[in-house]
Amino acid sequence: MIIIYQLGNEPAVEFAAAELTSHLQRILRDSTSVVLEKKDNFNQTTKDAIWVGTSEKFYSDPDLEVQDPELDDAIAIDIEGGSGIIAGVNPRSVLLGVYRFLTEIGCRWIRPGPDGEVLPSCENSDFTVQIREKASHRHRGICIEGAVSLENVREIIDWAPKVGFNAYFIQFREAYTFFERWYTHQHNPFKQAEPFSVEKAREYTRELEEEIKKRGLLYHAVGHGWTCEPLGIPALSWKPGDYHVPPQYVGYLAEVNGKRALWEGIPLNTNLCYSQPEVRKLIVNEVVAYLQEHPEIDFLHLWLADGSNNHCECDNCRKALPSDFYLQILNELDQELTARELNHKIVFLIYVDLLWPPQKTRLKNEDRFVMMFAPITRTYQSSYTPLSHLPPLPPYNRNHLQFPTTVEENLAFLRAWQDIFSGDSFTFEYYLMWAHYADPGYYNIAKVISEDIKKLKSLGLNGLISCQVQRAFLPTGFPVYLMGKLLWNDKLSFDEVAKDYFLNAFGQQGEKCYEYLKNLSRLSTPLFSEKEVYEQIEKIEKLIEEFQPVIKQNLQQDYTAQSRSWQYLDYHAQLCSRLAKVLEAVDSEDKEKAWQLWEELKVFLQKNEDQFQPVFDLFEYIETIERIIPKPGEGD
Ligand SMILES: [Zn+2]
């Protein structure tokens, strides 16, 4: 029998001890052989027990020293013959330590949800695991995007710390648009839309915050919206609507082309006239009030409007860059927060027009702020380069900016900001937002993720938040899994993580599967860059056809998780061969045929959506792919 002693009452420690208990009960196939008890003090002489708690309760260990014990993670696992301790420098690290111990004894979580769990079966409990590790990066997070059900988000929050992530980001105040897309079943006419309201979204967000807090994860919140909510206009989605701007606020909107109005009818894309002190005050007051009501937020994102080339052209705003006014707002906010003893971290965003650093303004209290670099226009076909060979910044040309696509141009902006800000920072990347749909094997994107993460330190960045569809698990969860593992330990080898992932996700024929998907990625790259499409399509069809027998043989596996993996791969093969035919028709400029095949593919996906919902975001897939398929009658 093993006793698990929970040392301390922090929610994440309590959850960690419960997770350890329930996993060991299942691994040992005997629920009576593992019991959980709470203890106030550590007793070194106890035998056959695993102690779970924060490290200061056991010993002071210089190996575990981190810069900031609340934000940084480090773990110590010292278990011999089934007895010992699992410690972390904070409650979240304790949970990460428990999952790491379980990983060492053979558990894997290949995708979120119960069908992603692979547990070993052990005869006895004489486990021996010795580990002392600090996370390579402070910021290791996933950000909500795409279309999601409450269950989808709950599952990914549960999964994230199992593979090493420590943060979750809920965008906007209530993530309304992401839920609404799912519950109203956008892009699926075969499903009945459910009524969905802002109140419902708020209720779900509160529930998810509890899941985040239960695990001690770092909670990032909001982002866009601070430029319209203070005017009483909601920031719910990127859809234009019939919004009313209160007359006293019209003069606060950015003046573009001589007009002060909502930008393309979208409140959250509308910038304000930031040179007016009242405008800045309005934003600052709104953020302060929000933080007073939301002490649970660890990192509050204060971003300006979304969209680009939409900044104010009035005489006063022209006197400085948007980033100068942005930093003024941030300085004014810091003053107010300090006066009220509010210690939240504020994340500011280096993105589109704000890529050009300020000319005059500097942040006064750097410790308050975290810089988030978001190179949304970069290519994801190549990875980061060393900072030494960077091009000069293009001049700032208000509202006529062209945004950088190469990694070098993007990094030049990062370096320019690093010259004026030396505080904490991380990158916000979109690998699994759109780019992965042009890489059906997920091999290329995984490679870019790996190479980027291995360079983050040399770029002066302390981690990454992945802005991604939550359901990026078809054909496999390898890219996100790898991201979690590498952000924890950037020395891990890509090949070894891949080998281990595929073996656990697919069983004995995992390696074949890995080769198949690698080839699929290689053959598919030209399709999206419109080179030699025709020959490639033939090769892709052959590859898929030849792999079919392997898939069919493996649909029944010992583990449910592995059976599911093969079923997903089977479905994915059908999707890929149908898409190849669509792209073939696009390439031969037969618009009618391309559109018809695309419609057929959509119906196939829509009718089967329920089976693949947890791993595949139909909404975002259709949004993304449809952009590259010309509509008959358009542009002729
Ligand atoms: Zn202005």
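Using only the alpha carbons of segment 254-344, determine the length spanned along each of the three principal axes and report them from longest to shortest in whole angstroms.
41, 26, 17
For segment 83-189, what does the alpha-carbon gyration tensor say about shape, rounded, prolate or oblate, given a ≥ b ≥ c as the root eigenvalues, a/c under 1.5 as rounded, and a/b over b/c as prolate?
Oblate.
If one computes the Cα centroid of segment 117-181 and of segment 521-578, what distance in Å separates the two points?
Value for the Cα centre distance between the two parts: 27 Å.
Can you give the % of DSSP beta bridges in segment 142-271 that are antiparallel, to the nearest 5?
Of those bridges, close to 30 percent are antiparallel.
Let me see the P(r) profile for segment 393-446: every Cα-Cα distance counted, bins of 5 Å, each bin given as a percent of all pairs.
Pair shares across the bins are 4, 14, 17, 18, 20, 14, 9, 4, 0.
Counting DSSP beta bridges in the chain, what percent are antiparallel, to the nearest 5?
On the way: 19 of 66 bridges.
Within the chain, antiparallel bridges account for around 30 percent of the total.
One-quarter of the Cα convex hull surface for segment 434-518, in nm²?
Reported value for the Cα convex hull: 5.4 nm².
Measure up 447/542; 259/591; 485/539; 134/213; 512/631; 162/542 against 29 Å on the Cα-Cα distance and list the ones that go over. Let's see the in-between values first.
Working: 447/542 24 Å; 259/591 40 Å; 485/539 33 Å; 134/213 22 Å; 512/631 38 Å; 162/542 37 Å.
Going by Cα-Cα distance, 259/591; 485/539; 512/631; 162/542 fall outside the 29 Å limit.
Would you please give the FRET efficiency between residue 570 and residue 123, computed as 1/(1 + (r/R0)^6) with r the Cβ-Cβ distance and R0 = 35 Å, to the nearest 0.05? Let's see the in-between values first.
Details: r = 34 Å, r/R0 = 0.98.
With R0 = 35 Å, the Cβ-Cβ based efficiency is 0.55.
Would you mind putting 600-608, 394-402 in packing order, based on average other-beta-carbon counts within 10 Å, highest first?
So the peptides 600-608, 394-402, ranked by packing, come out 600-608, 394-402.
What 222 nm value per residue comes from the helices of the chain, counting each DSSP H run with n ≥ 4 as -39,500 (n - 2.57) and dividing by all residues, nearest 500 deg cm²/dmol?
Rounded to the nearest 500, it is -13000 deg cm²/dmol.
Restricting everything to alpha-carbon atoms, can you work out Rg to Rh for the chain with a Kirkwood hydrodynamic radius?
Numbers: Rg = 25.4 Å, Rh = 26.1 Å.
With Rh from the inverse mean 1/r over Cα pairs, Rg/Rh is 0.97.
For the residue pair residue 603 and residue 336, what label-to-label distance in nm results when each label sits 7 Å from Cα along the Cα-to-beta-carbon direction?
The answer from the label model is 5.5 nm.
Report the GluC sites (Glu not before Pro) located in segment 292-331 that are in a DSSP loop and have at most 13 other Cβ atoms inside 10 Å of their Cβ, or state none.
Passing sites in segment 292-331 are 296.
Checking the a/c ratio against 1.5 first, then a/b against b/c, what shape does the Cα gyration tensor give for segment 37-98?
Numbers: a/c = 1.92, a/b = 1.86, b/c = 1.03.
Cα axes put segment 37-98 in the prolate bin.
Considering the zone a paramagnetic label at residue 489 would reach in this model (a point 7 Å from Cα along the Cα-to-Cβ line), which residues of segment 98-129 have amide N under 18 Å from it?
Counting only backbone N, you get 98-110, 128-129.
Which of the listed residues, 184, 385, 529, is farthest toward the dipole's positive end in the chain, when Lys, Arg count +1 and Asp, Glu count -1 at the beta-carbon?
385
Return the distance in nm (one decimal) between the two label points of a simple spin-label model at residue 31 and residue 207, each offset 7 Å from Cα along Cα→Cβ.
The answer from the label model is 2.4 nm.
Could I have the simple spin-label model distance between residue 613 and residue 309, label points 7 Å from Cα toward Cβ, reported in nm to one decimal?
Each label point is offset 7 Å from its Cα along the Cβ direction, giving 4.1 nm.
Test of understanding: what is the full-extension gain from residue 184 to residue 242, defined as 0.36 nm times their sequence separation minus their Cα-Cα distance?
18.9 nm
Take every DSSP beta bridge with both residues inside segment 63-220 and express the antiparallel ones as a percent of the total, to the nearest 5.
Roughly 70 percent of the DSSP beta bridges within segment 63-220 come out antiparallel.
Select from segment 47-135 those trypsin sites (Lys or Arg not before Pro) which occupy a DSSP coil region and have at most 14 other Cβ atoms within 10 Å, ordered by residue number. Write down the numbers at each step before the final one.
On the way: sites: 47, 57, 92, 100, 108, 132, 134; in loops: 47.
Passing both the DSSP loop test and the Cβ count: 47.
Can you list the lysines whose alpha carbon is less than 17 Å from that of residue 191, not counting same-chain residues fewer than 8 positions off?
602, 607
Going through segment 47-102, which GluC sites (Glu not before Pro) have at most 16 other Cβ atoms within 10 Å and a DSSP loop state?
Values: sites: 56, 65, 70, 80; in loops: 65, 70.
When the GluC sites (Glu not before Pro) of segment 47-102 are filtered for loop state and at most 16 Cβ neighbours within 10 Å, 65, 70 remain.
Compute the length gained on full extension between residue 593 and residue 257: take 0.36 nm times their separation in residues and subtract their Cα-Cα distance, giving the result in nm to one decimal.
My answer for the length gained is 116.8 nm.
What is segment 161-311 by shape, rounded, prolate or oblate, if you read a ≥ b ≥ c off the alpha carbon gyration tensor as root eigenvalues and call it rounded for a/c under 1.5, prolate for a/b larger than b/c, and oblate otherwise?
Details: a/c = 2.22, a/b = 1.34, b/c = 1.66.
Cα axes put segment 161-311 in the oblate bin.
Where a number appears in this text, it was derived from the coordinates with a stated rule and is not lab data. Quantities reported herein were computed from a predicted structural model and do not represent experimental measurements. Reconstructed Cβ throughout: ideal geometry from the backbone, glycine too, with neighbour counts over all protein chains shown.
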